[in-house]
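**Student:** Structure provided below as structure tokens; questions to follow.
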Amino acid sequence: MTSHTVLGIETSCDETAAAVLRLEDGHATILSEIVRSQVEDHAPYGGVVPEIAARAHADIADQVVAKAIGESGLKLSDMDAVAATSGPGLIGGVMVGMMTGKALALAVGKPFIPVNHLEGHALSPRLAEDCPFPYLLLLVSGGHCQFIEVTGLGQYRRLGTTIDDAAGEAFDKLAKLLDLGFPGGPAVERTAQGGDPARYRLPRPLMDRPGLDMSFAGLKTAAARIIEQGGMSQQDVSDLCASYQTAIADCLSARADRALGLFEVEGAKRLVVAGGVAANGAIRQALEHVAEGHGARLIAPPLRHCTDNAAMIALAGAEHLAAGALGPDAMRFAARPRWPLDEASALSNPVYGGGKRGAKA
Ligand code: KG4
Ligand code: ZN
């Protein structure tokens, strides 16, 4: 039996996280996982403030790592490697986690594995379930909204992406306009309960266009126009949240429907939804319906593995270690604020965020 035990570290956004995971013959066991959220630090600003995030990671990263190692019942020297998110993300936070990982690896003479945060999300369904390759991944979070065809370790093809805001960002922006609090997704979902989803006619951009790209910025603008008119009752607010949530669910499920149609696999089809927005009941339900129509199974990892966590980073590291696919220069890897999973697609068709900093997605 081959066994690889890896310490994973995640600091790319507003979660400081560490986990110890063992991969034995393709089966992952999480020995410990710690997530410290900074939500309260950012709440007064209605969004994540990069400088505050970096400082908060620097303050507690070592404690979070020590706690994860302690709870695993192992010692740092028992690890076969240390993996840390090395991009994409808020660069200050990424550097804190990556430098912590490099220092720990160096201290015990074990390999350091720089992990692409998006690869962590892409592999996250394999943490808990039997989820063999290939599968279609819809990654929907505050920072990303992409369809990715996952055919094997390191084999990711971007099929479509948002051309402006991510779906989570759209939820957060509506919550900000309506003063519902941060993070916005859960607040909008709560407020939408009892609301009429057909009350406001909101746009569903790009839905009639070919391809799998998405767009959510126009939705926010349409909602802003309605809110600007003022005089909204509590029921109006509920109706707007319900209409908005339904518009997002419609866009995602129409795209998922087309993506599943394009996704040619032999045997069982799998649609995986990951990222914070996967917590949304209406969106899950809509995707469930689409998957059923294609004879596919919808796999939604448990919420703690949908949102940012270090277990998925440790898993990505362990899978690369098990495959013997580590680059020789990991210690010299420079943190990357932008690091598309599918670099070829991102370079040939940057969609957005091109320019001198490189493609974003
Ligand atoms: O994956 P995540 O924790 O962080 C990253 O962005 O990487 O996702 C956070 C996003 C936020 O935009 C938040 O508003 C959204 O996920 N979210 C939700 C729900 N819970 C979290 N959106 C809609 N409905 C929810 N229940
Ligand atoms: Zn993430």
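**Student:** Excluding ALA318 itself, calculate the net charge of residues whose Cβ lies under 11 Å from the Cβ of ALA318, where each Lys or Arg counts +1 and each Asp or Glu counts -1.
**Tutor:** -1
**Student:** Something else now. Given contacts defined as C-alpha pairs under 8 Å and at least six residues apart, what's the relative contact order of the range 170-282, whole-number percent?
**Tutor:** Once divided by the residue count of the range 170-282, the mean separation gives 32 percent.
**Student:** Excluding GLU129 itself, calculate the net charge of residues whose Cβ lies under 12 Å from the Cβ of GLU129, where each Lys or Arg counts +1 and each Asp or Glu counts -1.
**Tutor:** Charge balance in the 12 Å sphere: +2.
**Student:** Could I ask something else about it? For the pair LYS75 and LEU347, what calculated FRET efficiency results from E = 1/(1 + (r/R0)^6), where r is the Cβ-Cβ distance and R0 = 56 Å, to the nearest 0.05?
**Tutor:** After rounding to 0.05, the efficiency reads 0.85.
**Student:** Using a 1.4 angstrom probe on the protein heavy atoms only, could you order CYS13, CYS306 from most to least accessible area?
**Tutor:** Highest to lowest solvent-accessible surface, that is CYS13, CYS306.
**Student:** According to the square roots a ≥ b ≥ c of the eigenvalues of the Cα gyration tensor, what is the shape class of the range 133-300, taking rounded for a/c under 1.5, prolate for a/b larger than b/c otherwise, and oblate for the remainder?
**Tutor:** It is prolate, given that a/c is not under 1.5 and a/b is the larger ratio.
**Student:** What size of dipole, in debye to the nearest 20, comes out for the chain about its Cα centre when the only charges are +1 on Lys and Arg C-beta atoms and -1 on Asp and Glu C-beta atoms?
**Tutor:** Dipole magnitude for the chain comes out near 600 debye.
**Student:** Per-residue counts of other Cβ atoms within 10 Å, averaged by peptide: what ranking do you get for 20-31, 245-256, 173-184, 83-94, highest first?
**Tutor:** Averaged packing, sorted descending, gives the order 83-94, 245-256, 173-184, 20-31.
**Student:** Let me ask you something else. On a 0 to 90° scale, report how tilted helix 50-72 is relative to the longest principal axis of the chain, with both axes built from alpha carbons and the result rounded to the nearest 10.
**Tutor:** Helix 50-72 sits roughly 50 degrees off the main axis of the chain.
**Student:** I've got another one for you. Suppose R0 equals 22 Å; then what is the FRET efficiency for GLU51 and ALA224 from their Cβ-Cβ distance, rounded to the nearest 0.05?
**Tutor:** For GLU51 and ALA224, the calculated efficiency is 0.20.
**Student:** Work out the charge dipole of the range 133-300 with +1 on the Cβ of Lys and Arg and -1 on the Cβ of Asp and Glu about the Cα centre, then indicate which of LEU287, GLY184, ALA259 is farthest towards its positive end.
**Tutor:** Of the candidates, ALA259 comes out farthest on the positive side.
**Student:** Once both axes come from the Cα atoms, what is the angle between helix 281-293 and the longest principal axis of the chain, in degrees from 0 to 90, rounded to 10?
**Tutor:** Computed tilt is about 90 degrees.
**Student:** Say we join alpha carbon atoms closer than 10 Å with springs in a Gaussian network model of the chain; which of ALA122, ALA325, ALA279 then has the biggest fluctuation?
**Tutor:** ALA325
**Student:** Among THR16, GLY93, ASN309, whose Cα sits farthest toward the positive end of the charge dipole of the chain (+1 at Cβ of Lys/Arg, -1 at Cβ of Asp/Glu, about the Cα centre)?
**Tutor:** GLY93
**Student:** Which value does Rg/Rh take for the chain over its C-alpha atoms, Rh per Kirkwood?
**Tutor:** 0.97
**Student:** How much length is gained on full extension from LEU326 to GLN235, taking 0.36 nm per residue of separation minus their Cα-Cα distance?
**Tutor:** That pair, LEU326 and GLN235, stretches by 27.2 nm at full extension.
**Student:** For the chain: lysine pairs with Cα atoms under 14 Å, gap of 8 or more or different chains, count?
**Tutor:** Going through the chain pair by pair, I get 5.
**Student:** Please sort 115-121, 226-232 by packing, taking for each peptide the average over its residues of neighbouring beta carbons within 10 angstrom, highest first.
**Tutor:** Put in order of decreasing packing, that is 115-121, 226-232.
**Student:** Under a point-charge model restricted to the Cβ atoms of Lys and Arg (+1) and Asp and Glu (-1), what is the dipole moment magnitude of the range 133-300 relative to its Cα centre, in debye to the nearest 20?
**Tutor:** That gives the range 133-300 a dipole magnitude of about 180 debye.
**Student:** Follow-up. Please identify, among LEU303, LEU287, LEU139, the residue showing maximal mean-square fluctuation in a Gaussian network model of the chain using a 10 angstrom Cα cutoff.
**Tutor:** LEU303
**Student:** From the helices alone, meaning DSSP H stretches of at least four residues, give me the mean residue ellipticity at 222 nm for the chain, per-run term -39500 (n - 2.57), in deg cm²/dmol to the nearest 500.
**Tutor:** Mean residue ellipticity at 222 nm (helix-derived): -13000 deg cm²/dmol.
**Student:** Moving on to the next point. Let me check against my output: what whole-number percent is the relative contact order of the chain, with C-alpha pairs under 8 Å and at least 6 apart?
**Tutor:** Relative contact order comes out at 22 percent.
**Student:** Of all beta bridges DSSP finds with both residues in the chain, what is the antiparallel percent, to the nearest 5?
**Tutor:** Bridges in the chain that DSSP calls antiparallel: roughly 60 percent.
**Student:** Something else: Could you state the accessible area per residue of the range 66-107 in Å², with a 1.4 Å probe and every protein chain left in place?
**Tutor:** I get 38 Å² per residue for this part.
**Student:** How much of the accessible area of the range 266-326, in percent, comes from carbon and sulfur atoms when a 1.4 Å probe is used?
**Tutor:** Solvent-exposed carbon and sulfur of the range 266-326 make up 51 percent of the total.
**Student:** Accessible area per residue for the range 133-300 in Å², computed with a 1.4 Å probe and the full protein assembly in place, what is it?
**Tutor:** 42
**Student:** So what's the net charge close to ALA296: Lys and Arg +1, Asp and Glu -1, counting the other residues with Cβ under 11 Å from its Cβ?
**Tutor:** Local charge sum for ALA296: 0.
The values are calculated or read from the model by the stated rules, or taken from the named source; none is laboratory data. This one's a predicted model, so the numbers in the text were calculated from it and none came from an experiment. Because the Cβ atoms are built from the backbone with ideal geometry, glycine has one as well, and the counts that use them run over all protein chains shown. The area values use the complete protein model at the heavy-atom level, side chains included, leaving out ligands, DNA and RNA. Shrake-Rupley method; radii C 1.70, N 1.55, O 1.52, S 1.80 Å.
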